[in-house]
């Protein structure tokens, strides 16, 4: 069975072996500019990833840098990304490459309303007040 394409015509094994220069040619301009700018937070996150890989550390990397572009060297690594309230665990898959960490950790949850309280709305005025 042929390997599945996961990123811009490349298979998962090809993406893992890609160098940074070729990777920047494959990603979109906005992500490329972000990598070129190489802010301090992103640089420290990248250093932490390298340290975890060299040391063979398996625990997740905690970060608040939601705008970090996912690199091919991060495949199968665990991250805990801050959503504004708590850290949500995320395992990097090959199809996530070139996108941002924040795209996979939502900042808002689905609203679930319960039954209306007394004097909550005009329609609840006629409900039994048990």
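FYI, it's all coordinate maths here, none of it is from the lab. Since the model is a prediction, treat every value here as computed from it, not as a measurement. With ideal geometry, Cβ positions are generated from the backbone for all residues, glycine too; neighbour counts draw on all protein chains shown.
The helices (runs of 4 or more DSSP H) found wholly in the stretch 12-108 and carrying at least 1 residues that are touching a strand residue (DSSP E or B) at 6+ places or on another chain (Cβ under 6 Å), free of Cβ contacts under 8 Å to residues at least 24 places away in the same chain and surrounded by 12 or more Cβ atoms within 10 Å (Cβ to Cβ) occupy 40-55.
Only a single item in (1) in contact with a strand residue (DSSP E or B) (Cβ under 8 Å, 6 or more places away or on another chain); (2) loosely packed, with under 13 Cβ neighbours inside 10 Å; (3) assigned to a helix (DSSP H, G or I) is not met by residue 3, and it is number (3).
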